[in-house]
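Beneath this line is the structure, given in structure tokens, with notes to follow.
The values are calculated or read from the model by the stated rules, or taken from the named source; none is laboratory data. Source: prediction; values computed, not measured. Virtual Cβ from ideal backbone geometry, glycine too; neighbours counted across all protein chains shown. Side chains are part of the model used for accessible areas, which takes the heavy atoms of the whole protein and leaves out ligands, DNA and RNA. Shrake-Rupley method; radii C 1.70, N 1.55, O 1.52, S 1.80 Å.
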Amino acid sequence: MHSMCDRPGTARKLHLYIGQNPLAQDRDLTELVECIRNGTTPSHLTMRMVDYPKEELFQELLRALAVNKSITFLDISKTSLPFEAGEQTCAELGRMFAENTTLREVDLSGEQAVLESASLGKGVCRSLARLAENKTLEVLRIERECCPSY
Amino acid sequence: MEIASLISKNNTLREIHCEQNEFHLQGFTAMVNAVQQNFNITFLSPLDRDRTEHVRVLKEKLFQSGALKSSSSSGSSSRGPEKEKKSSLKRHPKRFEKRVAFTASPDAEGDLSVVGVETSLHLLEEKWLTEKERLTGLLTRNCLTLSQKKRWALPQLEF
């Protein structure tokens, strides 16, 4: 991914689709996270339907996204964690919403099918509160995450 | 209610896609009320599937609960029309597992009749559709407002 920059510090207008891959299978996302943290990514990134065997890996990704300055379109839908997202993960997600200043479109949808379900859980709704601090996001997709509202 | 709160506080979001999150009528109404104060949102999911699911689940619970009486509902139907029109949005948490924002028109013994349940479900669905229409109107308002702003923001050409 870091080889895709035209010029250092400027995101290339390219949509990189790396979803449906065992990205976190080796329990090491260091290189990918480093690219995101340094901003050496294309402008559009899709990482949907990725399984994270440990929640800490997803938290690392969210921390990197909070400081990223190159991605404008992010799709991390149908993310699968071992259990529902815990407090720390929800806090990191909220921090990403509050501190990121380049994202224009984010997809956090889940999946609720007969044979398969992938959802971050109800905690993701709590992190939405920090979107009030965000001044750049324009499109939010958060379908099938079961944020109950009575 | 988190999404309703978000809509009222955030002025940069343009589109929110939030279908199939088990929303009830109260939540949808809160979101539409928030859009009334927000002039930037141009799309909010109409929650058609959530509405269908809400009505279906409620219907199943009511018909399975055994709280229905077969007709001695003749008594309720005679004063049915006026009573049904006065059905209001109240909660019966003891009767239902999920909190719901409506009540059926009970007969004299306080139990629900089949007619009353069907009528109340129909009213519930009407309320959903009313809110959906209101949402459509508000989103159209926002689209027009934003397109007018863009027009006025165009640089004036000098010849």
For the pair A and B, how large is the buried accessible area, both sides, in square angstrom to the nearest 100, if the probe is 1.4 Å?
-> 2100 Å²
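When the convex hull of the Cα atoms of chain A is projected onto a plane and the area is averaged over all directions, what value comes out in nm²? Provide the component values of the computation, followed by the final result.
On the way: hull surface 35.1 nm².
It is 8.8 nm².
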A:Cys125 accessible area, assembled protein chains, probe 1.4 Å, Å² | 10 Å²
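Across peptide A:128-134, what mean number of C-beta atoms from other chains lies inside 10 Å of a residue's C-beta? Could you put the intermediate results ahead of the total?
Values: counts 7, 4, 1, 10, 8, 2, 4.
For this peptide, the per-residue mean of nearby foreign Cβ atoms is 5.
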Spacing of the two label points (7 Å from each Cα toward its C-beta) at B:Glu133 and A:Leu16, in nm | 5.0 nm
Return the single residue from A:Asp107, A:Asp51, A:Asp28 with maximal mean-square fluctuation; model: Gaussian network over chain A, springs between Cα atoms under 10 Å.
-> A:Asp28
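Could you compute the FRET efficiency for B:Thr140 and A:Lys122, with r as their C-beta to C-beta distance and R0 at 25 Å, rounded to 0.05?
Numbers: r = 33 Å, r/R0 = 1.30.
Between B:Thr140 and A:Lys122 the formula returns 0.15.
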Hey, what's segment A:61-150 come to in accessible area per residue, 1.4 Å probe, Å²?
-> 40 Å²
Can you list residues whose amide H is under 5 Å from A:Gly110's amide H, if they're 5+ apart or on another chain and H is modeled 1.01 Å from N?
-> A:Lys78, A:Glu143, A:Arg144, A:Glu145
Over all directions, what mean area does the Cα convex hull of segment A:86-150 project, stated in square nanometres?
-> 4.9 nm²
